[in-house]
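A short write-up of the structure that comes next.
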Amino acid sequence: MAGPRASRSLPGGERSRRYDADVDVPDEALRPGLELAFVVAVLGTRQRPPIPPPPSLKRFLRFQKLPSAALVPVRKVVEEDEAFRSRVAAVATEETVDRPSWLWLRRPEGWETELATALEGTPDASADPAAGAAARRLEAAEAKLRRVNTELGVLRHEVTRAQTSRANAEAVAGKAQTRQAELERAAERARQRSEQAADELAAARAGAAAGAAENERLLARVAELEGELRAALDGQAGGGVRDPEPALAADDSATGPAPAAGESPAWPPKAREALDGAASAAASLAASLSDLAASLASSEPPEPTVSPAAGPACPPARPAETSVHTPRRRPLRVPRGMHLGTPEADSWLLTEAEAAVVVDGYNVAKLGWPDAVLVDQRERLLDVLDDLTARYGTTVEVVFDGADVGPVRPGRRRRVAVRFSPPTVSADDVIRELVAGFPAADPIVVVTNDRAVAHDVRAAGANVVSSDGLLAVARR
C-alpha cells in the first residue's frame, strides 16, 4: 500500500504530504476523515469495556470537536497506526466523510491517483472573500452533519457487534440447556437402574434366606434318618430284638445273606438311598448358597451350578465322600473409571490395592536393563523393588530362575522377599505354586510378560500387571 513521501508546511501552520501520485494532500483537505478518526477515538473510551485511544490523542479527547491544532497529530496517528486506521475505515462511508477522506481512509486499489483527481477539482475560495465565508459556513454545517453521521455510524456498528455477541451467547446458552437436559435424562436412567439393582439384590437376599431355611430343613431330615438307621442297626446287632421296620428287613434279606459275626452290619438299601439322596441335596444346596453369598458380596453374578435333579444320571455321593466347598479366589476390581492394563490401573494395583505382589524376576530385569550382565540385572531390579516397598508399603516377593546363579548380595535388602527356583524347576512353575498356595481371600498381583504364566494365574483368580507397567510405576 502506498504511503506519504514527505511532509511540508503550508501557510497558517497547515501541513501536507506527497503520495505516490505526486500530489500534495494538505491536512485541511482530509478534515472530514480526521474528524471521523477523532470521533471514533472519543466513542471508544465510552464503550464498556472501553477501547483505549492512541496515546498521542488523549490530550484532545476533552474537546467537543476536533481543534485545528489536532489535525496534524490525528493525521500522523492514522498514517502510522494501521490498527487504528482500520477501525476508522470500518465505519467510514461517503455519507460520513467526503470522497477524498474516504479514499484516504479505505485506500482501495489506485486510491492515490483518484485522490489527486478529486483534489484538483476542488474550487479555490480564497479569491472571493464573501464566497469564502459562505464556503466556510457551509463547511462548518457539513462538518457538524458529518460528526452526527459519524457518531450514528459508530453506534450502529457497536449495536451490530453487540447483537452478534448476544446471538452467540444465546447459542451457547441453548447448547448448555440441551446438555443439561441430556445429563438429567442420563441421571434418571441411572436412578432407575439403581432401583432395579436394589430390587434384584433384595430378591436375591430373600432367595438366599429361603435357601438357608431349606438347607436347615434338609440337615434336620438327614439327622433324623441317621437316628433311625442307628436304631435299626442296633436292633440287628442285639440278635433277639425284633426289627422295627419289617419291610426294610425283608428287603435286606432279599438282597443277600446277613453279615457274618464280627462284621459291620450293612445298612438297609432303601434307608441308604434315602440318606444318600438327602445328603447329596444338602451338599449341593450348601454349595449354591455359598456361591450366592460370594456373588452378593462382590456384586457379580454367581457361577452356574447343576442341581441334582437336572444333572447327569449318576449315583448320589455318600456322606463321607461329599466334597467340601472351597472358596474361589476372585481378581480385584479396579476403581470406577479405570480399566485393566492402563497405567492408572497398574499404579493402583501395585501401590494402593494392598495386594501381595509376585514378580517374575528375570522377565522384568532383562526388559529393564537389557545391556547389563545377569547379576547386575538382578541387583538393579531388587533395588527398584526395595524402593517401591519403602515408598508404598507393598508386599513383594520376586522369583528368579535357578539356585546356582549366586545369592543376593548381603546387607542390601530388608523388605523384598527373594526366591530362587530349584535346579529342575522353572520360576514360572514356582510362581504358579505361590499363587495356588495363597489363601483365597488374599488378593494377589503377578508381574510378568509371559503369556502362559499370565493365563494360568488369571485362571487362579490373580490380577496381572505387565513387566513394563511395573517398571513405569517403580521409576516415577
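No value in this document is a laboratory result; all are computed from the given coordinates. Source: prediction; values computed, not measured. Here the Cβ is made from the backbone with ideal geometry for all residues, glycine too, and neighbour counts use every protein chain on show.
Worth pointing out:
- Calculated SAXS-style log₁₀ I(q)/I(0) at q = 0.13, 0.16, 0.17 Å⁻¹ - the range 333-476, Debye, Cα scatterers: -0.52, -0.81, -0.92
- 3J(HN,Hα) couplings calculated from phi for the range 364-374 with the Karplus curve 6.51 cos²θ - 1.76 cosθ + 1.60 (θ = phi - 60°) are, in sequence order, 7, 4, 6, 6, x, 9, x, 8, 8, 6, 4 Hz; Gly and Pro show x.
- Förster-model FRET efficiency, 30 Å R0, Ala436 and Met338, C-beta, rounded to 0.05: 0.65
- Taking 7 Å steps out from each Cα toward its Cβ at Arg458 and Glu109 produces label points 6.9 nm apart.
- If R0 is 35 Å, the Cβ-Cβ spacing of Val72 and Ala167 corresponds to a FRET efficiency of close to 0.25.
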